[in-house]
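Below you'll find the structure, written out as structure tokens, and then a few comments.
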Amino acid sequence: MFTSLVMDDVVSADWLQTGKQVSLYFKEIEVMISKDPDAKVSSQNRLPCKIQSMNTGVILCQLELLFGETIITSIITSNACRQLDLQENDLVTALIKTNEISVSPDD
């Protein structure tokens, strides 16, 4: 389950009803990575993932994460990638702050 801050309600956006399908959007740079699933941080959205692939450059590292059957991309610094000693097939937790997730109708 995801949490998100939504400024609309069912009066201004009738698609915001229980049981309705929605799409979630967030920036790749807003997906933080932790090797500790119990890390004490304020992020409400914690997704257990497996690193499917990595593309490490001089400054940035792009991680393709497998969350169930969904691929999530995270872009972190290459320095952070080295500090966490991230490798393909590692189990990690993707963290996304509540205010970084946008919700839209699933049309």
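Please identify the longest segment of the chain free of exposed chymotrypsin sites (Phe, Trp or Tyr not before Pro), where exposed means a DSSP state other than H, G, I, E or B and no more than 15 other Cβ atoms within 10 Å. Of all site-free stretches, the longest is 16-107. Proximity of backbone amide H atoms, modeled 1.01 Å from N, is registered between Ile33 and Leu95 at under 5 Å, excluding neighbours fewer than 5 places apart on the same chain. Estimated from helical segments only, the mean residue ellipticity of the chain at 222 nm is -1500 deg cm²/dmol, where each DSSP H run of four or more residues counts as -39500 (n - 2.57).
Projected label points at Ile59 and Thr3, each 7 Å from Cα along the beta carbon direction, are separated by 3.4 nanometres.
Residues whose amide H comes within less than 5 Å of that of Asp90, counting only those at least five positions distant or on another chain, are Ile51 (H built at 1.01 Å from N in the peptide plane). Pop the C-beta distance of Asn79 and Leu47 into the FRET formula with R0 = 25 Å and round what comes out to the nearest 0.05. My answer for the efficiency is 0.65. Over all Cα atoms in region 27-100, the spread is summed up by Rg and Dmax: 11.2, 31 Å. The lysines whose alpha-carbon is closer than 26 Å to the alpha-carbon of Lys40, local same-chain residues fewer than 8 away aside, are Lys27, Lys50, Lys97. Counting only Cβ charges, +1 for Lys and Arg and -1 for Asp and Glu, the dipole size of the chain around its Cα centre is about 360 debye. Applied to region 25-40, the Karplus parametrisation 6.51 cos²θ - 1.76 cosθ + 1.60 on θ = phi - 60° returns per-residue 3J(HN,Hα) values of 10, 7, 7, 4, 6, 9, 9, 7, 10, 9, 8, 9, x, 9, 4, 7 Hz, with x for Gly and Pro. A DSSP coil position with no more than 14 other Cβ atoms inside 10 Å describes the following trypsin sites (Lys or Arg not before Pro) in region 31-90: Lys35, Lys40. Here the Karplus curve 6.51 cos²θ - 1.76 cosθ + 1.60, taken at θ = phi - 60°, turns the phi angles of region 89-101 into couplings of 6, 5, 8, 9, 10, 8, 10, 10, 5, 3, 6, 9, 9 Hz, with x standing for Gly and Pro. Between Ala13, Ala80, Ala39, the Gaussian network model of the chain with springs among Cα atoms under 10 angstrom shows the greatest mean-square fluctuation at Ala13.
Only the coordinates and a few stated rules stand behind these numbers; no lab work does. This structure is a prediction, so every number in the text was calculated from the model and none was measured. Neighbour counts are summed over all protein chains in view; Cβ atoms, including those assigned to glycine, are modelled from backbone coordinates with ideal geometry.
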